[in-house]
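The values are calculated or read from the model by the stated rules, or taken from the named source; none is laboratory data. Owing to the predicted nature of the structure, the values given are computational and were not obtained by experimental measurement. A quick note on method: Cβ atoms are made from the backbone with ideal geometry, for glycine too, and the neighbour counts reach across all protein chains shown. These accessible areas exclude ligands, DNA and RNA; they are computed on the full protein's heavy atoms, side chains included. Shrake-Rupley method; radii C 1.70, N 1.55, O 1.52, S 1.80 Å.
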Amino acid sequence: MTKIGILSDTHAWWDDKYGEYFSGCDEIWHAGDIGSEQVADRLSALKPLRAVYGNIDGQALRLRYPKTAHFTVEDRRVMMTHIGGYPGRYDLSIRAELFDAKPDIFVAGHSHILKVMFDPRLHCLYINPGAAGKSGFHQVRTLVRFVIDGATVKDLEVIELGH
């Protein structure tokens with residue numbers, strides 16, 4: 001059983017609540033627009049970090065993290081990228097790779113809009129954790145936590161961090 005914490009679009013903003021809410025997690029996933037190496041370092045100090053770079057991330061973060069990550073946790077194949085769109089409207093830049101990979105879980109950021117839904121066409125769980133930073137139009141900062149237990153994804157929680 002692996003407990004996952006997901007965030008995106010921190011835009012160099014650090015909130016001590018990340019540590020509070022991710023303390024019980026086994027891994028942290030960041031879906032891009034990290035904004036600074038310091039935020040990545042602080043997240044990595046909390047738990048193992050899997051991350052992708054986003055459109056605002058500079059060269060240092062682009063050298064450190066891929067544009068798209070493919071990995072397996074327990075029995076679930078995961079694909080994560082920053083600009084991914086959402087079911088029915090996947091971004092053209094990622095669509096072919098996504099349909100070729102056929103992940104069980106697809107994580108994207110960028111929109112600052114929290115969205116969790118099952119895509120029946122791909123038979124995968126789509127997760128956009130919203131935005132955890134202060135930059136952007138979003139009204140509430142959010143994180144997502146869930147558990148992967150073998151082939152089962154369960155106990156998904158949305159955490160609101162405030163404005």
**Prompt:** Listed highest first by mean packing, meaning other Cβ atoms within 10 Å per residue, what order do 3-10, 79-86 come in?
**Reply:** 3-10, 79-86
**Request:** Consider all pairwise Cα distances in the chain and report the whole-number % of them above 25 Å.
**Result:** 21
**Message:** With θ taken as phi - 60° and the coefficients 6.51, -1.76 and 1.60, list the Karplus ³J(HN,Hα) couplings across segment 57-70 in order, rounded to whole Hz; mark glycine and proline as x.
**Reply:** 6, x, 4, 4, 6, 5, 6, 7, 10, x, 6, 9, 10, 10
**With every protein chain in place, the chain: carbon and sulfur % of accessible area (1.4 Å)** = 50
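So with the 1.4 Å probe, I'd like the accessible area per residue for segment 1-87, rounded to whole Å². Mind showing how you got there, number by number?
Working: 3720 Å² over 87 residues.
Value for segment 1-87: 43 Å² per residue.
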**Request:** Could you tell me whether segment 1-82 comes out rounded, prolate or oblate from its Cα gyration tensor? Rule is a ≥ b ≥ c as square roots of the eigenvalues, rounded for a/c under 1.5, then prolate if a/b exceeds b/c, otherwise oblate.
**Result:** oblate
**Asked** Each residue of segment 88-101 in turn: what ³J(HN,Hα) in whole Hz from Karplus with 6.51, -1.76, 1.60 and θ = phi - 60°, glycine and Pro shown as x?
**Response** x, 9, 5, 5, 4, 5, 10, 3, 4, 5, 5, 6, 6, 6
**Message:** With every protein chain left in place and a probe of 1.4 Å, what is the accessible surface of Asp26, to the nearest 10 Å²?
**Reply:** 80
**Item:** Other-chain or far-sequence residues with amide H under 5 Å of Val52's (modelled H)
**Value:** His30, Gly32
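With every protein chain kept in place and ligands, DNA and RNA left out, what is the accessible area per residue of segment 102-163? Probe 1.4 Å, answer in Å².
Working: 2830 Å² over 62 residues.
On a per-residue basis, 46 Å².
What value, in deg cm²/dmol to 500, does the helix sum -39500 (n - 2.57) over DSSP H runs of n ≥ 4 give at 222 nm once divided by the residues of the chain? Mind showing how you got there, number by number?
Numbers: 4 runs with 32 residues, N = 163.
Computed mean residue ellipticity for the chain: -5500 deg cm²/dmol.
What does the highest-first list of 13-20, 51-58, 128-135 look like by mean Cβ count within 10 Å?
On the way: 13-20: 15.0, 51-58: 20.6, 128-135: 24.0.
So the order, starting with the most tightly packed, is 128-135, 51-58, 13-20.
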**Item:** Distance between segment 92-163 and segment 47-61 - C-alpha centres, whole angstrom
**Value:** 17
**Item:** Additional length obtainable on full extension of the chain from Thr152 to Lys134, 0.36 nm per residue less Cα span
**Value:** 3.2 nm
**Fill in**
So for segment 92-162, using the alpha carbon gyration tensor with a ≥ b ≥ c as root eigenvalues (a/c under 1.5 gives rounded; past that, a/b versus b/c decides prolate or oblate), I'd call it oblate
**Message:** From Cα pairs below 8 angstrom and at least 6 apart in sequence, can you work out the relative contact order of segment 11-163, rounded to a whole percent?
**Reply:** 17
**Message:** If I take every Cα pair under 8 Å that is 6 or more residues apart in segment 74-125, average their sequence separation and divide by the length, what percent do I get for the relative contact order?
**Reply:** 41
